[in-house]
DNA sequence: ATTACTAGTAAGCGAGTAT
DNA sequence: TATACTCGCTTACTAGTAA
């Protein structure tokens, strides 16, 4: 979302457009934003096109209301500010369950990892990872995570190859305990890998595509 | 402040730059922002020029820290999001001081009103009201206000005429205590009438046309 | 490696104006 | 009154590259 559009959306929200339809003309909005009527009009068109607001054009003015999508964008922004100013010890993600390519199982079964999980996380990880695709909008939170101190799992070697270090954070998924695993050397990903002492798909009765809630403890 | 610069400042804050110096190269920043190294470099130059960050350029990378001014800008933004999403007990208005037609004084000096002000608001109102013209756009917020429970001032009669009931909300104007008065029977107006135990024009050293900040407590 | 200048291109803005 | 189009001007972006 373009930064200037987010600002406009915020202004509309401050006028109450998340809760009610707000009656406002493009000229009034322009005055509020200290810009031209034409630009204000364009802002509204863009926000509408992006699905952030709905508009009802009357003969005079227009009734504007922020959509669910628009409110979500604002919520996300708000969360980031909370993260900045509040001393938070947890980060919340929502996402949906996806299938990996069986790699998770391969890795978690390496004793080099498994032993460290047991020692540093205090549980024996069920073979495999539960992969959760987070919404693109939440990638900022993921990045944030990478800067926090984590439970470190060291790299190790076998006869065949080297396995890289990973970072872990204690976490819950739909209130079930476990941890998320972040490869130290990884490109940007929108997948969270969750390990747990339990077979989560069964325990939580979840399948691919289901929405889940992940809480990460810092 | 330009919207895109605010976004960058927020990103730096998320990296911890409000609390510590953060070591980051323009290229790294560029990757996080999904933009070019040149643009990231320009962002940092602009933020520096605006006094939002301080930079220590080393031979490699640079140490960046958000200044007090920068943090203030973020705080202001955070406040606005709180206003949007929290069950707030206050509403903010900005507006400018205007002169009424002396009516305020006539009304506030009626003992029927003055006695009730003293009883229900806890102060003896200085004769007259300070009138603040709110920006037209904020009339939407004013409309919200009319739905909240207010301190009620009852109508009364004198030998000559009837004086209508009014609603009051405790409020501050530029941090000075008082209340705003909304006539029960009134057309929509973009004027807020402020009463206070003090002579506000003198106490706050304000005159017609000055911008003031009003906080209304619900 | 790094920052940041220059220059050409793309995006955003607002005056004029059609509707 | 409104909204929103066109179009010339300004601002922002990035490739190339110097330092």
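Miscellaneous remarks
- Residue A:96 within 16 Å of DNA strand D (Cβ to nearest atom), surrounded by fewer than 16 Cβ atoms within 10 Å (Cβ to Cβ) and modelled with pLDDT of 90 or more: no
- Per the listing B:194, B:156, the residue uniquely modelled with pLDDT of 90 or more, surrounded by 14 or more Cβ atoms within 10 Å (Cβ to Cβ) and within 16 Å of the chain's Cα centre (by Cα) is B:194.
- Residue pairs whose Cβ atoms lie under 7 Å apart, separated by 6 or more positions or on different chains, with the first residue in segment A:178-196 and closer than 17 Å to residue A:135 by Cα and the second part of a loop (DSSP other than H, G, I, E, B) and modelled with pLDDT of 80 or more, are A:193/A:129; A:194/A:129.
- Residue within segment A:48-59 that is modelled with pLDDT under 90, outside the structural domain of residue A:157 (by TED's automatic domain parsing) and touching a strand residue (DSSP E or B) at 6+ places or on another chain (Cβ under 6 Å) present: yes
- Qualifying residue in segment A:60-70 (condition: within 16 Å of DNA strand D (Cβ to nearest atom), farther than 20 Å from residue B:85 by Cα and at pLDDT below 85): yes
- Residues satisfying the stated conditions in segment B:25-49, i.e. more than 10 Å from DNA strand D (Cβ to nearest atom) and farther than 18 Å from residue B:63 by Cβ: B:31
- Residue match in segment B:179-189 (condition: modelled with pLDDT of 95 or more and in contact with a helix residue (DSSP H, G or I) (Cβ under 8 Å, 6 or more places away or on another chain)): yes
- Every listed requirement among (1) modelled with pLDDT under 90; (2) out of contact with any strand residue (DSSP E or B) (no Cβ under 7 Å at 6 or more places or on another chain) is met by residue B:141 save one, (2).
The values are calculated or read from the model by the stated rules, or taken from the named source; none is laboratory data. Since the structure is predicted, the reported quantities are computational estimates derived from the model, not experimental observations. Positions of Cβ are backbone-derived with ideal geometry, glycine not excepted, and every protein chain shown enters the neighbour counts.
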